[in-house]
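The values are calculated or read from the model by the stated rules, or taken from the named source; none is laboratory data. The shown structure was predicted, so the numbers you read here are calculated from the model rather than taken from an experiment. Counting neighbours? That spans all protein chains shown, and the Cβs are built from the backbone with ideal geometry, glycine included. What goes into the accessible areas is simple: the full protein's heavy atoms, side chains included, and nothing from ligands, DNA or RNA. Shrake-Rupley method; radii C 1.70, N 1.55, O 1.52, S 1.80 Å.
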Amino acid sequence: MTPPHTAPRRAIPGSADRLDRDRQAAPQVFERLRGMIISLDLPPGSPLSRAALAAQFGVSSTPIRDALMRLEEEGLVEVFPQYATVVSRVDVRLAQQAHFLRQAVELEIVRGLAIRHDEAFVAELNATIARQQQFAKAGDFERFMTADNEFHAQLYAATDKQDLWSLVRSRSGHIDRLRRMHLPSPGKAQDIVRHHRLIAKAIGAGEPDEAQKHLRTHLSGTLSELAQIRARYPEYLSN
């Protein structure tokens, strides 16, 4: 059973969630549903009614269909033709593959950044870390995760690897949900902030080996606690 203090909401919010009419609808629906899945507002097993989603977002069925197709491509929903569409369980094997990909890419990124050790860039990283610390103190896990992603996105952008960030992000839905399950554990948020500070410090000091060491520890934290996560959320994991 999910602990009461971390229990996610199991229903799609009933109030209308209108979109920006100056932008295409399908990408907005995709991003919002993806965010709800990653945050566990839509936990594994949640049914997704196309008619209900169309009413919620105030759009036709076409953007809903396109958004669900993208979510299916990322493995975040399962579509059973003529029956139902549901949020998928977390696939541990895919989570492990996403971790392998992300670690391989980011180890090289932080090494290059440490060799360059741009002080202005390190100041930008520290500003993001400061915001993340505020969210940690407030227990605002959703904004904390947004700041976490911003920190890593900055690493990619600083090395002109934004396309790789998009690739990594598209493969990270399963491990991101594991991270969200793990985040409320005592001390976890502060550990993440501490690791980010150590990575930024090593980059600023021009210490590539130290930057890689701290990044490796940082990215491995959730999978190292997989047994604990599985015990807490047995119904959310597929294997």
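Remarks
- Ranked by how many other beta carbons lie within 10 Å on average, peptides 170-182, 216-228 from highest: 170-182, 216-228
- Averaging the Cα positions of each part gives two centres, and for region 153-206 and region 33-75 these lie 25 Å apart.
- Against the rule of thumb 2.2 N^0.38 Å, how large the Cα Rg of the chain comes out: 1.06
- A simple rule links phi to the HN-Hα coupling: the Karplus curve 6.51 cos²θ - 1.76 cosθ + 1.60 with θ = phi - 60°, which for region 43-49 gives x, x, x, 5, x, 10, 8 Hz, with x for Gly and Pro.
- Solvent exposure of the chain amounts to 50 Å² per residue of accessible area, where only protein heavy atoms count and the probe is 1.4 Å.
- Computed over the chain: relative contact order in percent, which uses C-alpha pairs under 8 Å that are six or more apart: 26 percent
- Placing +1 on the Cβ of every Lys and Arg and -1 on the Cβ of every Asp and Glu, with no other charges, gives region 111-214 a dipole of roughly 400 debye about its Cα centre.
- Scalar couplings 3J(HN,Hα) for region 162-179, obtained by applying the Karplus form with A = 6.51, B = -1.76, C = 1.60 to θ = phi - 60°, are 4, 5, 5, 4, 4, 5, 4, 4, 5, 9, 9, x, 6, 6, 5, 5, 4, 4 Hz; x denotes Gly and Pro.
- The length gained by stretching the chain between residue 51 and residue 117 to full extension, at 0.36 nm per residue less their Cα-Cα distance, is 18.6 nm.
- Carbon/sulfur fraction of accessible area - the chain, other protein chains in place, 1.4 Å, %: 52 percent
- A simple rule links phi to the HN-Hα coupling: the Karplus curve 6.51 cos²θ - 1.76 cosθ + 1.60 with θ = phi - 60°, which for region 94-99 gives 5, 4, 5, 5, 5, 4 Hz, with x for Gly and Pro.
- Per-residue [θ]222 nm for the chain (sum of -39500 (n - 2.57) over DSSP H runs n ≥ 4, rounded to 500): -20500 deg cm²/dmol
- Cα lying deepest toward the dipole's positive end in the chain, options 135, 125, 43, charges on Cβ: 43
- Listed by chain and number, the lysines placed with their C-alpha closer than 20 angstrom to that of residue 137 are 188; residues fewer than eight positions away on the same chain are left out.
- The Kirkwood hydrodynamic radius of region 118-187, based on inverse pair distances between different Cα atoms, is 13.1 Å.
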